[in-house]
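Below is one structure, written out as structure tokens; the observations come after it.
The values are calculated or read from the model by the stated rules, or taken from the named source; none is laboratory data. Just so it is clear, the structure is predicted and the values come from calculations on it, not from any experiment. Positions of Cβ are generated from backbone atoms using ideal geometry, with glycine treated the same way; all protein chains shown enter the neighbour counts.
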């Protein structure tokens, strides 16, 4: 039996408890949080001892059975598989956990797994984009299952148009366009791999939509000042929030680009940063003084010493891993709420950056270069907010 923090462990997990507690502290967990996790592990250890379960028997069904009994016993915390994640992550590299049995995929998932690999490797799409394509195509592939057979060679142009006419009405234009784009991609891949004898990607009908029909909604200068003023730069969290806000509103970065920004992407000597954008394309942008100073302030007195990896922005609470795209979005949500601006998405700050550059006299090609647009047509929408230039065209 060994005492770890304030808990006694004397069963199958005894030899791992001390190292697990040490790992939690290294990851930035507070002493009290680490103590709670170890207490939870000690409870699991006692259950394993009573049930005669060894570490090599911690399969998913066994762990679910343990959690169900824990809930039945009246416990209110640590009741899901997510609660077991820190322990399982710690034990996995040691090779003491049972080897997971291979999952037998059905014909639909086998096909989508191959398609997913093609998008990742051959097309170089990001994980998020690939997930969207695969999820949108799963219902279409399901329509080709007849019994236990996946009939892909029998797809006709009528099947393609009929499917689009059935699923797209009533959906938002952006969602409908994603379905159409994903279906074209899937049909091209099926023909490329010989599973579809006839190329049918041209049979996919287009979605009615008009480019440049919307007006980009950037923040007014006073609103942006309020948003930035809501960041308490006296705290480490506030310094992180302020640096994120400046990257979004001054350089027009996307939320995912800020989340992926690494320490090695900043060239302090030359004053430039490398941004990994859509399609994993890396492009360099100048680093303004105020943005660089905000990042420096966060790195020097804000980024935890226990942070994992080389990402610039990490979580405040343990485990202190890199922020996700959703984490960046929530930073903007919370800041807008504090500033009394309502609900604001991170992409609106990208529009704000473009609007500010336009009002400062930058040309549309220059704005497109900063925003890293592939086509000038994507930047042309910002001409609609240049009221001074449009006023000479207005009728009396």
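Among the residues of the stretch 323-366, the ones that are surrounded by 14 or more Cβ atoms within 10 Å (Cβ to Cβ), in a loop (DSSP other than H, G, I, E, B) and touching a residue at least 40 places away in the same chain (Cβ under 8 Å) come to 5 in all. Over 21 Å from residue 190 (Cα atoms) and not assigned by TED's automatic domain parsing to the domain that holds residue 56, is that true of residue 132? No: the conditions fail for residue 132. A single member of 187, 178, 200 is surrounded by 19 or more Cβ atoms within 10 Å (Cβ to Cβ), at negative phi and in contact (Cβ under 8 Å) with a residue 40 or more places away in the chain, and it is 200. Among 58, 49, which is closer than 21 Å to residue 93 by Cα and at pLDDT below 95? On inspection, the qualifying residue turns out to be 58.
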